[in-house]
Amino acid sequence: MKMKKNLRPHNSHFIPKILQLLLASSVLSITMAVSATDLATLEFEFQAIDLDTGFVTDRNVNVDIASTGTDVLIAYHADRIPHAVIVPAGEAVTLVVMIGTSYDNVTTSDVAELSFSAESVDHPWSASDTVLVRTDSGAVFKLGNVVESDTGVNFSYAPLQ
């Protein structure tokens with residue numbers, strides 16, 4: 001029987017390569033956790049969302065929506081398609097609609113160049129648009145990838161600042 005003199009594995013660099021891959025995937029996981037995208041569903045006119053917490057509040061006719069701590073609600077404009085119009089729900093909430101700018105292309109660097117407004121923008125919110133919202137806490141979120149249904153919208157949102 002023939003014995004090998006060298007008992008080292010063929011790929012002596014195998015273990016360091018695995019460690020490199022594990023480290024790289026850990027960094028990727030941490031990066032993704034910081035810039036995670038959430039999904040929300042809001043019914044037209046009847047629900048609003050607090051972007052800081054992700055909590056959706058049902059509208060109560062006896063309570064002013066601005067007092068609930070929510071940031072935006074979705075109005076329904078019957079005379080056009082898409083029907084969705086995003087509206088600030090809180091007193092200190094401001095927004096800007098980036099018409100024709102995809103959700104994936106909006107970054108933190110875009111925030112400084114834009115003028116936020118407390119007024120709603122009477123523009124149909126379509127899948128090709130992204131909305132930036134500055135919440136009452138001062139955080140900035142991007143909202144986009146909107147899909148409209150008969151009763152409301154589904155959209156993605158993520159913090160930028």
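Read phi for every residue in the range 79-94 and hand back ³J(HN,Hα) as whole Hz from Karplus 6.51 cos²θ - 1.76 cosθ + 1.60, θ = phi - 60°, with x for Gly and Pro.
8, 8, 10, x, 8, 5, 10, 8, 10, x, 9, x, 5, 9, 8, 10
Neighbouring Cβ atoms within 10 Å as the yardstick, rank T151, T70, T101 fewest first. Intermediate results must be reported in sequence, preceding the final value.
Values: T151 12, T70 26, T101 17.
Fewest-to-most ranking of T151, T70, T101: T151, T101, T70.
Quote the relative contact order of the range 37-159 in percent (integer), defining contacts as alpha-carbon pairs under 8 Å separated by 6+ residues.
Here the relative contact order equals 28 percent.
Once you list every other residue whose beta carbon is under 13 Å from the beta carbon of K142, what net charge do they have if Lys and Arg are +1 and Asp and Glu are -1? Don't skip to the end; give the middle numbers.
Details: positive: R134; negative: D38, D71, D104, D110, D129.
Neighbourhood net charge equals -4.
Since every read-out is calculated from the coordinates, none of them should be taken as a lab result. These figures come from a predicted structure and were not determined experimentally. Cβ coordinates were reconstructed from backbone atoms using ideal geometry, including for glycine residues, and neighbour counts include every protein chain displayed.
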